[in-house]
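One structure is given below, encoded as structure tokens.
The values are calculated or read from the model by the stated rules, or taken from the named source; none is laboratory data. This one's a predicted model, so the numbers in the text were calculated from it and none came from an experiment. Cβ coordinates were reconstructed from backbone atoms using ideal geometry, including for glycine residues, and neighbour counts include every protein chain displayed.
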Amino acid sequence: MQRRTRQQLRISLLIVAIAAGLGAVFGLAIAGAGDGDGETRAYARAALRGVWTGGLIAGLLTAWEYIYVNRPAGLWVRRLTFLGNVGVRSLIYLAAIMLSIWSGATVFSIEGADPFGWNAQTVIQVGFSVLFSIGVNFAMAINGLLGQAVFLNFLTGRYHRPVVENRVLLFADLVGSTAIAERIGDLGFHGFLNDVYRDLSAPVIELGGVIHKYVGDEMIVSWPDTAAGRSRALQCGIEFHALLAAAEARYKNTHGAAPALRIGIHAGPVVIGEMGDVRQEIVFLGDAMNTASRLVDMCRTLGRPLLVSEALRDAEPSEDGPALEPMGETGVRGKTRPVAVYAPAP
């Protein structure tokens, strides 16, 4: 089972457990608001109905997101406009919620309770479901616009005051972007670059990275600076090249050009904080960012598609992955000390 699948399964089970617990509390509250007929038995069945309904809602919706929307079949959903995305997802959420409410009322019927149908209890549940589905999907759409976890970081104020964090940084720059744009046109290049970013997102998510931002034709990805983070960053860079090489024919048929990357990976302390007033974003600053960017420039000089700094020299992409070979020390513009550079063995 792939790491991404295991992670999604753990998250799904956690969400189902939380939803089932909240459903039990909701069921007990509904039973307590009734006339008390049946007492213990009614409360027990109400709790079971809540567990069933909440767990089924969470199971259906996590399956929709992970098995469909985030897979190739759900590409049409991801390509919708902001409001279209919120609208489609909200309708799916509402349908799943209503199906789960009907199922709970059918499987765990309670004597004296209102049946599923047009009544006060159902109206309350439907109203809550509509508000819940729209709110969750609006937050998910905002998170998609801002980037992974950025929306949550803004809400919690994690970087309202700048902090220093040790991060592994991967800079991936598209080779020959100016020539490609001139050949296929600006609109065609936008579609080409969008497909590249979409393809590269898969290994980033699989390997636990976070896409910090896109800067023109450059993608910046980061991981916490741990042994695992360094190995995953190196593995991600290698997988980027393998993925685009495997998709070369598809890109040529679709866009008339095949993408290639220059990649630099470095690790070190980064200042992270909110920046701006009228328009805010979370920015990364520091020498580590500059060094990672310079490694991309060195790829052209040294003729290698992927270079890492000395901070990554002990990282291994996998048991059967290529070893890192030294490329010597190179002066980096803006730094007084040279940087030891390494590259995966060809």
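Going through Ser231, Ser293, Ser201 one at a time, which residue ends up being farther than 24 Å from Ala345 by Cα, part of a helix (DSSP H, G or I) and of a type in the set (Gly, Ala, Ser)?
Ser201
Looking at Glu206, Glu239 in this structure, which one is of a type outside the set (Ser, Thr, Tyr) and within 30 Å of Leu187 (Cβ to Cβ)?
Glu239
In this structure, is Val308 of a type outside the set (Phe, Trp, Tyr), within 28 Å of Val163 (Cα to Cα) and at pLDDT below 85?
In short, no.
Quick one: how many residues across the range 150-181 are hydrophobic (A, V, I, L, M, F, W, C), closer than 28 Å to Val296 by Cα and crowded, with 17+ Cβ neighbours inside 10 Å?
Residues flagged as hydrophobic (A, V, I, L, M, F, W, C), closer than 28 Å to Val296 by Cα and crowded, with 17+ Cβ neighbours inside 10 Å within the range 150-181 amount to 9.
Yes/no matrix, rows are residues, columns are (1) exposed (fewer than 15 other Cβ atoms within 10 Å of the Cβ); (2) within 23 Å of the chain's Cα centre (by Cα); (3) under 19 Å from Glu218 (Cβ atoms):
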position: Gly273; (1), (2), (3): no, yes, no
position: Asp277; (1), (2), (3): yes, no, no
position: Leu295; (1), (2), (3): no, no, yes
position: Cys299; (1), (2), (3): no, no, yes
position: Leu307; (1), (2), (3): no, no, yes
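Do the conditions hold for Glu218, that is, is it over 19 Å from the mean Cα position of the chain (by Cα) and either assigned by TED's automatic domain parsing to the domain that holds Leu306 or surrounded by fewer than 20 Cβ atoms within 10 Å (Cβ to Cβ) (or both)?
no
Taking the conditions exactly as written (in contact with a strand residue (DSSP E or B) (Cβ under 6 Å, 6 or more places away or on another chain) and either modelled with pLDDT under 95 or surrounded by 15 or more Cβ atoms within 10 Å (Cβ to Cβ) (or both)), does Ala288 satisfy them or not?
Yes.
So in the range 234-264, with the set limited to residues that are in a helix (DSSP H, G or I) and of a type in the set (Gly, Ala, Ser), which one is surrounded by the most Cβ atoms within 10 Å (Cβ to Cβ)?
Step by step, filter the range 234-264, then rank; the result is Gly237.
Mind checking which helices (runs of 4 or more DSSP H) fall wholly inside the range 1-87 and carry at least 1 residues that are at pLDDT below 80 and over 24 Å from Ser109 (Cα atoms)?
The qualifying helices (runs of 4 or more DSSP H) are 3-32, 75-78.
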